[in-house]
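Novice: Have a look at this one before I ask anything.
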Amino acid sequence: EKEEREEEVEKEKGGKKSAEQTEEEKVEGLQKKVAGMQGRWRDHFGAVYLIQGVHVHVTLMDGRSATVLLFQSNGKVSWYNNWVIDEAQMRKAAMTEELRWAPVIPGNPPLVWWWCG
């Protein structure tokens, strides 16, 4: 009985390790997706967005700041679950220096950031 339990524990550990690798692979895949977005962006409110890896450091005009974590949703990069950007838009941003996030809720305006170095 003890041996059976030990085998079950080992199987669970193996499953956890596999799940952790899957999570690591997801993060790695997201980092590859956002590689072309790295750097500093601004919006029409004067906020500055510094994208470093999957972290976005946001500084508002009044000096308040926060860090937001980008994540993947349905194969797209998501900002606050309210806007998404796909790989085609990211490639376009490299040429136009305009990052255009599409709203998740139809009828809402897009979120637009401009490259500033």
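Novice: At 0.36 nm per residue, and after removing the present C-alpha to C-alpha distance, how many nm does the segment from Gln52 to Cys116 gain when stretched out fully?
Specialist: Difference between extended and current length: 21.6 nm.
Novice: Right, next: Starting from 0 in steps of 10 Å, tell me what percent of the Cα-Cα pairs of the stretch 50-117 lands in each bin.
Specialist: The calculated distribution, bin by bin, is 20, 52, 27, 2.
Novice: Moving on to the next point. What number comes out for the charge environment of Asp86, summing +1 per Lys or Arg and -1 per Asp or Glu over other residues with Cβ under 11 Å away?
Specialist: +4
Novice: Sticking with this one: Report the FRET efficiency, 1/(1 + (r/R0)^6), for Ile105 and Lys32, where r is their Cβ-Cβ distance and R0 is 30 Å, rounded to 0.05.
Specialist: On the way: r = 28 Å, r/R0 = 0.92.
According to the calculation, E is roughly 0.60.
Novice: Just subtract the alpha-carbon distance of Glu98 and Phe71 from 0.36 nm times their residue separation and send over the number in nm, one decimal. Spell out each step's value before the answer.
Specialist: Details: separation 27, 0.36 × 27 = 9.72 nm, distance 2.00 nm.
Full extension of this stretch gives 7.7 nm more.
Novice: How much of the accessible area of the stretch 31-117, in percent, comes from carbon and sulfur atoms when a 1.4 Å probe is used?
Specialist: The computed percentage sits at 55.
Novice: With θ set to phi - 60° and the Karplus curve 6.51 cos²θ - 1.76 cosθ + 1.60, what are the ³J(HN,Hα) couplings of the stretch 32-42 in order, to the nearest whole Hz, using x for Gly and Pro?
Specialist: Going residue by residue, I get 5, 5, 8, 4, x, 9, 4, x, 9, 10, 9 Hz, with x marking Gly and Pro.
The values are calculated or read from the model by the stated rules, or taken from the named source; none is laboratory data. Predicted, not measured: the structure shown is a model, and the values here were computed from it. Neighbour counts run over all protein chains shown; Cβ positions are idealised from the backbone, glycine included. For accessibility, only protein heavy atoms count, side chains too; no ligands or nucleic acids. Shrake-Rupley method; radii C 1.70, N 1.55, O 1.52, S 1.80 Å.
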